[in-house]
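First the structure, in the form of structure tokens, and then the observations on it.
The values are calculated or read from the model by the stated rules, or taken from the named source; none is laboratory data. Everything numeric here is computed off the predicted structure, so don't read it as measured data. Neighbour counts run over all protein chains shown; Cβ positions are idealised from the backbone, glycine included. For the accessible areas, the whole protein counts, side chains as well, though only heavy atoms, and no ligand, DNA or RNA atoms are used. Shrake-Rupley method; radii C 1.70, N 1.55, O 1.52, S 1.80 Å.
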Amino acid sequence: MRIDNSLVAAFEAQLAQASRILIGTHLNPDGDALGSALGLAEFLEQRGKHVEVLCHHSAPRNLKWLPNVDRVQQEPSGEGYDLGIIVDLDSIERLGNVGPYFETLPTLTVIDHHVPHQAPGDVRIIDVTAAATALILTHLVQQMGGTLTASMSTCFYTGIVTDTGSFRFRNTSPDALSTSAILLENGADLETASQRIFQSKQLSSARLLGHALETMKLDMDERLAWSCLSFRDFEWAKATDEDTEGFVNELLSIDTVQVAAILREAKPGKIRVSIRSRAGFDVAAVAREFGGGGHKNAAGCTFETDLTDAEVQIVEGMRRCLASS
Ligand code: 5GP
Ligand code: MN
């Protein structure tokens, strides 16, 4: 992959005008969100910029080891910022509470790989074929002549390994693999990333997963699977929403299942839904029906209703998706 030279030039021009930069990423940040934001922050510091990284939430437990993760803030430390860069998200809303800090900046860059459904940003470096935002950023740093330090390489590698599900998902392109090789050559810490992201499940999470699998529901010749986790289930397992990371993939790993969802009421009155699908089924379209979004095979949305109501609506959406593809 090569980023269009005119886009790189436009980004360079923005940087030339900027000395104080805010980087933002989405709420409930994952490895690509934080890896991208932190790696980019270090690159911009190489360029002599003052950089702050903002996120609605602080790093989840499985990412607390990321290099420079302590610099993730919930608000800017001062004033007078001249450029905002938002990474790994397609709408200002997904910035949560840090959104307003970006809305008032003179210029905004978006670097992302989601299907855009809103179009903020004066410069938009968007590639929906890229496996991860961190993959786009690695190329950007290389094309701009930056140095990939070991800590930047660890951050970007974390983005790629997260969004490709350890190089198993269909988005695992030759570019994702060859760029990961370059990141390893530059000192990316594969072992810590693998351990902390994929091998450090908490007991509460294992218990809740057991419950989710036991109460799983199936429909349409077992091609559709879903499971609901109520607030009481979370209390019983002493679990948080963070503990449900990856559950939906367990449902999708069943051989007959083509479309799967996990609905979770980690806090009363707010239902988060994660939807996943195989090849031809577009679940981003399902999520968008309910005000969410994402990728063709991995999407999500939020309901502010009760669990049963959310279940009826999302299952209906998934049935339509399965029937129409
Ligand atoms: P997850 O299920 O892991 O929370 O999200 C899967 C994908 O869907 C991610 O790429 C995420 O950005 C996207 N996504 C999840 N929830 C929402 C949402 O409420 N709105 C939008 N636009 N995208 C979402
Ligand atoms: Mn991503």
Query raised in the report: Residue check: is Pro76 surrounded by 14 or more Cβ atoms within 10 Å (Cβ to Cβ), under 17 Å from Ile21 (Cβ atoms), of a type outside the set (A, V, I, L, M) and touching a strand residue (DSSP E or B) at 6+ places or on another chain (Cβ under 8 Å)?
Result: yes
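Go through region 43-63 and give me each residue that's open to solvent by less than 50 Å² (accessible area, probe 1.4 Å), assigned to a loop (DSSP other than H, G, I, E, B) and modelled with pLDDT of 95 or more.
Lys49, Cys55, Ala59
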Query - Matching residues, region 1-55, being within 16 Å of ligand 2 (Cβ to nearest atom) and within 15 Å of Val110 (Cβ to Cβ) - result: Ile23, Gly24, Thr25, His26, Asp32, Ala33, Ser36, Ala37, Leu40
Report summary line: Scanning region 9-25 for residues that are over 16 Å from Met152 (Cα atoms) and either open to solvent by less than 10 Å² (accessible area, probe 1.4 Å) or outside the structural domain of His113 (by TED's automatic domain parsing) (or both) gives Phe11, Leu15, Ala18, Ile21, Leu22, Gly24, Thr25
Requested in this report: Please go through region 199-232 and pick out each residue that is surrounded by fewer than 20 Cβ atoms within 10 Å (Cβ to Cβ) and assigned to a strand (DSSP E or B).
Outcome: Lys217, Leu218, Asp219
Query raised in the report: For region 64-72, does any single residue satisfy the condition of being in contact (Cβ under 8 Å) with a residue 60 or more places away in the chain and within 16 Å of ligand 1 (Cβ to nearest atom)?
Result: no
**Report entry** Residues of region 233-282 classified as within 15 Å of ligand 1 (Cβ to nearest atom), open to solvent by 50 Å² or more (accessible area, probe 1.4 Å) and at positive phi, total
**Finding:** 0
Query raised in the report: Hey, among Leu108, Leu66, which residue is surrounded by 17 or more Cβ atoms within 10 Å (Cβ to Cβ) and either touching a strand residue (DSSP E or B) at 6+ places or on another chain (Cβ under 6 Å) or on the phi > 0 side of the Ramachandran plot (or both)?
Result: Leu108
